[in-house]
Structures are given as structure tokens and as C-alpha cells.
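*Asks:* First the structure, which I've put down as C-alpha cells, then a few questions once you've had a look.
Taken together, the values in this text are just the output of simple stated rules run on the coordinates, not laboratory data. All figures in this text were calculated on a predicted structure; none of them were measured in a lab. Ideal geometry is used to build each Cβ from the backbone, glycine not excepted, and the neighbour counts take in all protein chains shown.
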Amino acid sequence: MGKASRDKGARFERELVNDFTSMGLKAQRVPLSGATDYAKNDVEVTAGFDGKTVFSGEAKRRKQLPKIITDALEGADFAAFRQDRGETLIVISLDTFGELLQ
């Protein structure tokens, strides 16, 4: 990965932390994420409903998301996806996720 890609990823991670913080949630970038066995994810956010539950996640930014994702979320609160014989994944907007964590 080149410097421009790393910088773009770091900017997005900081943006997410700022978004969660503006929602009144505690959030932080994970130091050395991806560089060690311990720090696997990019961002951690603490749920406001109990102040203890921590959700960790990856931050992936792309020039364009697959059309199936953007189309499925149009007018919906969430979209569910599953590969054949795979695990079901739920995609929701940042605002909806923030509301759930309140």
C-alpha cells in the first residue's frame, strides 16, 4: 500500500471517530491497526447505552461502492447480504448505527 492510500485510510478513520464523537459517543482510532496481532481493527466505539460495550470495526473507503449495496439501501433502514453458504451481513448508515449505540 502506498503513502497516498495510507493517508486516505487514516483520514477516513479520523472522520469516523469525529462523527461518532459528535453523536456523543466515545470513539478512538486503534493504534497500529493491522500492524500487530493485537490491534486488528481500525476504529473502536463505545456504546452509550451501557458505557462498557465496545464495537470495533474496519474502515474501508472506495471511490465507488458496489451498486448492489447503494441500490439496496435506497429507501431502506438496512440491507442484508449473504454469499451462498455464508454468514449474513447487515449494512446500515452511520446515522442509524450511531442511533442504535445511543
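*Asks:* What is the ratio of the Cα radius of gyration of the chain to 2.2 N^0.38 Å, with N the residue count, to two decimals?
*Replies:* On the way: Rg = 14.9 Å, N = 102, 2.2 N^0.38 = 12.8 Å.
Relative to the rule-of-thumb radius for its length, the chain sits at 1.17.
*Asks:* Can you figure out the FRET efficiency of I90 with S5, using R₀ = 22 Å and their beta-carbon distance, to the nearest 0.05?
*Replies:* After rounding, the FRET efficiency stands at 0.20.
*Asks:* Tell me, what is the FRET efficiency for N18 and K40 to the nearest 0.05, using R0 = 30 angstrom and their Cβ-Cβ distance as r?
*Replies:* So the FRET efficiency works out to roughly 0.85.
*Asks:* On a straight-distance basis, which lysines could pair with K60 in a cross-link, Cα separation under 22 angstrom, same-chain partners fewer than 8 positions away excluded?
*Replies:* In chain and number order, the partners are K3, K8, K26, K40.
*Asks:* Whole-Hz Karplus ³J(HN,Hα) for segment 3-12, in order, using 6.51 cos²θ - 1.76 cosθ + 1.60 and θ = phi - 60°, x for Gly and Pro?
*Replies:* 4, 4, 5, 4, 4, 4, x, 5, 4, 5
*Asks:* Where in the chain is the longest stretch that carries no GluC sites (Glu not before Pro) classed as loop by DSSP and with at most 14 other Cβ atoms within 10 Å?
*Replies:* Segment 1-57 is the longest.
*Asks:* Give me the net charge for the shell around S56: Cβ to Cβ below 9 angstrom, other residues only, Lys and Arg +1, Asp and Glu -1.
*Replies:* -2
*Asks:* Suppose R0 equals 25 Å. What FRET efficiency, 1/(1 + (r/R0)^6) with r the Cβ-Cβ distance, do L100 and L65 give to the nearest 0.05?
*Replies:* 0.75
*Asks:* Here's a follow-up. Expected output is a single nm value to one decimal: the length gained when fully extending between Q28 and A80, i.e. 0.36 nm times separation in residues minus the C-alpha distance. What is it?
*Replies:* 16.0 nm
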